[in-house]
């Protein structure tokens, strides 16, 4: 499947010339191994792939035994994997590198040697258990890989041109028109329920069978749960409690995570590490409250108030409707046509958070409680501009799932913080429009923000 991260790999190869290794981080099953092997096959004379999930103990030990004799290390690896290595024309891949911390630490010496290029892939790579006792090499450049975005989903389903039209209409701030908007929204709803995990997308393309798609997603959720118990240590019970509560917490009107639903009187300082674990495993996207919507959102971060979104909305659906162990095709079809009586706001807000995170945004919202109605407001997302100016650096974004809605909070926020704000935006299911200075964007354009 075509993935945008391929261009980042090409840029790294062409500009860095082996001066740094590349580490691709991402949740389990987002397609890291697939895209790296595809890249190696297309762009190098030969490649050597070490999958530390399957490599025998002997291979792990070589990174302790032969670091002071790299000729011997390359010889044994080449013989064992039956791959001839060529200076500056071969790539060595450390797949699931978190399972061999010594190999990751060895990157410092391997890059300095300069003979070959190196790409590492891994999930849970920053978890304490997987970094204990090693120095993380400064010769390692990390990039993140996310589930497939809407455009990648369109490519996979054979639609190569639609997103170019969407991008043009977005840049010109013009509506798509009834025909194209309806077609794009139908495809976006399909993307939202299938999700962006490559295995699920591939299964849908092959079969058009929602039952088989759901079985794939449920397998991935089982892997996430097993990882929690295998790697979260003493935090495992807390981590799994949060994980299990994500759907019910997002179904609330305000979406904020309430620890009291897990344990009466619970304090965030006692649960911080559990949230951090899920975030570092790339299973969730955490959105923190900013106490003031001005430049330097991180400076105003309030970690005791947060929203916890799933990394993939397709997985969220399978995670939500799990009473009988599988989401039936009938339920998927009702979701596809908007006929299911559920709080659809949780799904559309989650998919927007997913798109914003994949675009490199740190997630923040603005919430203020007050007995004074004029002061009381909540903005779903605050986006910081790429270029800082003396005023108007923050873009407030509201997400609306229904056809009829109000935007009182957005109006109040623009009035109170007029010097801070720019381009107030509502993400909704209708076509693009601009009314009274507020930009209304269809859901599928959120990925372009």
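Coordinate-derived values only; no laboratory data. Just so you know, these numbers come straight off a predicted model, no measurement behind them. All Cβ positions, glycine included, derive from the backbone under ideal geometry; neighbour counts span all protein chains shown.
Between the Cα long axis of helix 210-231 and the first principal axis of the chain there is an angle of about 70°, rounded to the nearest 10.
Among 92, 134, rank each residue by its count of other Cβ atoms within 10 Å, from fewest to most, as a rough exposure measure.
134, 92
Rounded, prolate or oblate: which fits segment 301-425 when a ≥ b ≥ c are the square roots of the eigenvalues of the alpha-carbon gyration tensor, with rounded for a/c under 1.5 and prolate only if a/b beats b/c? Note, shape of segment 301-425 comes out prolate. Estimated at 0.36 nm per residue, the fully extended path between residue 372 and residue 291 surpasses their Cα-Cα distance by 27.5 nm. Among 146, 74, 52, the residue with the largest mean-square fluctuation in a Gaussian network model of the chain, with springs joining Cα atoms closer than 10 Å, is 74. Structure remark: mean-square fluctuation, Gaussian network model of the chain, C-alpha springs under 10 Å; the largest value among 372, 226, 350 belongs to 372. Each of 135, 240, 111 has some number of other Cβ atoms within 10 Å of its Cβ, and from fewest to most they run 135, 240, 111.
Cα axis of helix 236-250 to longest principal axis of the chain: angle in degrees, 0 to 90, nearest 10? Taking Cα atoms only, the helix is inclined about 30 degrees.
Let me make sure I get this right: for segment 13-125, a, b and c are the square roots of the gyration tensor eigenvalues over alpha carbons, sorted descending. Under 1.5 in a/c it's rounded, otherwise prolate if a/b > b/c, else oblate. Which is it? Since a/c stays below 1.5, the shape of segment 13-125 is classed as rounded. Once both labels are positioned 7 Å from their Cα atoms along Cα-to-Cβ, the gap between residue 219 and residue 64 label points is 3.4 nm. Per-residue ellipticity at 222 nm computed for the chain from its helices equals -12500 deg cm²/dmol, with DSSP H segments shorter than 4 residues left out and the rest contributing -39,500 (n - 2.57).
Nearest 10 degrees is fine. How inclined is helix 5-16 to the longest principal axis of the chain, computing both from alpha carbons? Once rounded, one gets 50 degrees. By the beta-carbon count within 10 Å of each Cβ, the least crowded to most crowded order of 321, 257, fewest first, is 321, 257.
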